[in-house]
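The values are calculated or read from the model by the stated rules, or taken from the named source; none is laboratory data. Source: prediction; values computed, not measured. For neighbour counting, all protein chains shown are included, and Cβ atoms are generated from backbone atoms with ideal geometry for every residue, glycine included.
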Amino acid sequence: MQNINTIAVIGAGLMGAGIAQVFASQGKLVRVYDPVESSLKSLVDRLRQNLDLVKEPHDCLENLIVSNSLAETVDEADIVFEAAPEQLEVKRAIFRELLPLVKENAILASNTSVIPIKEIGQDLDHKGRLVGTHWWNPAYLIPLVEVVQSETTSDWVVDQTIALLEQVGKKPVHVKKDVAGFVGNRLQHALWREAIALINDGVCDAETVDVVVKNSFGLRLPVLGPIENSDLVGLDLTLDIHNVILKGINRDETPSPLLQEKVASGELGMKTGRGFMSWSEQDAKQVRSDLVDYLLKVNQTQKS
Ligand SMILES: NC(=O)c1ccc[n+]([C@@H]2O[C@H](COP(=O)([O-])OP(=O)(O)OC[C@H]3O[C@@H](n4cnc5c(N)ncnc54)[C@H](O)[C@@H]3O)[C@@H](O)[C@H]2O)c1
């Protein structure tokens, strides 16, 4: 692996901050760019809060340089992580602008959640250096990073990216085909589509969907993935079940009408007080803190 010591992060929002934290706390020099002053200004405070949560000292913030100059941020970088808004045109424009500014062999990584990497790199002369690195929120607590190889991404770039992520304690996986949503979000949203369809079709209410998941297979998931589970119950049983169930499972190619109606009427979830369920500020706060507490416990168990 080549020496990767200088990291650039484009976008100082939720994900950019988490990615910057991971590298800074592992002793890498991290430069962060954001064109929005409030994002840039609040970054160090947000990182201090994250470091307090994981009970890590603040010294690593010395490895961080924030800037509103893209050129200054990327010109020495060995790898650039783009974590700007999930809009194809925004991402394309960022890579178009930074290509003439980066070193010849700098790796260019996009943190897109679902957009195929080839669509971002279309018409860009990136010479095989553009790769997907799909981190999960919070990036400093969730180990997985999906490393997505498009038809044009070189094997060298994939290998270097995986080696770097392993070096800083992440769990990278190689996604060999550049399909929308990669692996994690395809699985996650197959489940969400069915969950919303069950509510839409009156099979059960919204609360019941989550009670079922959290009190059944959700409990097993940390130790038993779906493929291990099908091997455990037997592929013969899996086949018998699929022969019955698959024809009834939702396969709509467009978002559920129920989801579309809710968004149109401003029912956006916790941030508006109502989504599929009703949320008081207190309840929403509780869910968020329960999640962080849980992830912290898992993180500490994995470290010990
Ligand atoms: N939020 C998640 O859970 C999550 C998880 C995985 C991946 N992602 C992906 O990561 C990316 C960033 O998501 P986020 O949740 O951090 O969003 P965010 O809104 O918190 O942060 C985006 C940041 O980009 C900045 N920005 C706006 N225009 C820019 C530009 N032209 N150049 C550079 N920066 C710009 C904004 O000021 C903001 O600070 C998206 O592609 C998203 O889909 C998000």
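Scoring residue 292 on the criteria (1) under 22 Å from the mean Cα position of the chain (by Cα); (2) modelled with pLDDT of 95 or more; (3) outside any loop (DSSP other than H, G, I, E, B) leaves a single failure, condition (2). Of all residues in region 115-140, which are within 12 Å of the ligand (Cβ to nearest atom), in contact (Cβ under 8 Å) with a residue 60 or more places away in the chain and more than 13 Å from residue 95 (Cβ to Cβ)? Scanning region 115-140 gives 135, 137, 138, 139. Look at residue 168 and say whether it is among the aliphatic types (A, V, I, L, M), surrounded by fewer than 19 Cβ atoms within 10 Å (Cβ to Cβ) and farther than 30 Å from residue 248 by Cβ. The answer is yes for residue 168. Restricted to region 98-107, and to residues there that are away from the ligand (no atom under 14 Å from the Cβ) and closer than 20 Å to residue 20 by Cβ, the residue that is surrounded by the fewest Cβ atoms within 10 Å (Cβ to Cβ) is 103.
Taken together, the residues in region 155-165 that are surrounded by fewer than 16 Cβ atoms within 10 Å (Cβ to Cβ) and not acidic (Asp, Glu) amount to 2.
Where residues in region 2-44 are among the charged types (D, E, K, R) and part of a helix (DSSP H, G or I), which of them is farthest from residue 69 (Cα to Cα)? Checking each candidate, the answer is 41.
Checking the structure you have, find out if any residue of region 47-60 is modelled with pLDDT of 95 or more, within 29 Å of residue 159 (Cβ to Cβ) and out of contact with any strand residue (DSSP E or B) (no Cβ under 6 Å at 6 or more places or on another chain). Among the residues of region 47-60, at least one is modelled with pLDDT of 95 or more, within 29 Å of residue 159 (Cβ to Cβ) and out of contact with any strand residue (DSSP E or B) (no Cβ under 6 Å at 6 or more places or on another chain), which makes the answer yes.
Of the residues making up region 195-215, one or more are closer than 28 Å to residue 111 by Cα, crowded, with 17+ Cβ neighbours inside 10 Å and at pLDDT 95 or above.
Against the numbered list (1) within 16 Å of the ligand (Cβ to nearest atom); (2) in contact with a strand residue (DSSP E or B) (Cβ under 7 Å, 6 or more places away or on another chain); (3) within 16 Å of residue 145 (Cβ to Cβ), residue 64 comes up short only at (3). Residue check: residue 41 meets all listed conditions (1) in contact with a helix residue (DSSP H, G or I) (Cβ under 6 Å, 6 or more places away or on another chain); (2) without any contact (Cβ under 8 Å) to a residue 24 or more places away in the chain; (3) within 13 Å of the ligand (Cβ to nearest atom) but one, namely (1). With respect to the conditions (1) part of a helix (DSSP H, G or I); (2) closer than 21 Å to residue 184 by Cβ; (3) of a type in the set (A, V, I, L, M), residue 223 lacks only one, and its number is (1).
For region 271-290, state whether one or more residues are in contact (Cβ under 8 Å) with a residue 40 or more places away in the chain, out of contact with any strand residue (DSSP E or B) (no Cβ under 6 Å at 6 or more places or on another chain), surrounded by 11 or more Cβ atoms within 10 Å (Cβ to Cβ) and aromatic (Phe, Trp, Tyr). Yes, region 271-290 has at least one match. Only one of the numbered conditions (1) closer than 17 Å to residue 195 by Cβ; (2) surrounded by 11 or more Cβ atoms within 10 Å (Cβ to Cβ) is not met by residue 240, and that is (1). Within the set 23, 95, the sole residue that is touching a residue at least 24 places away in the same chain (Cβ under 8 Å), touching a strand residue (DSSP E or B) at 6+ places or on another chain (Cβ under 7 Å), of a type outside the set (A, V, I, L, M) and away from the ligand (no atom under 13 Å from the Cβ) turns out to be 23.
Restricting attention to region 71-89 and to residues that are surrounded by 18 or more Cβ atoms within 10 Å (Cβ to Cβ) and near the ligand (Cβ under 10 Å from one of its atoms), the residue that is farthest from the chain's Cα centre (by Cα) turns out to be 73.
Within the set 51, 47, the sole residue that is within 15 Å of the ligand (Cβ to nearest atom) and outside any loop (DSSP other than H, G, I, E, B) turns out to be 47.
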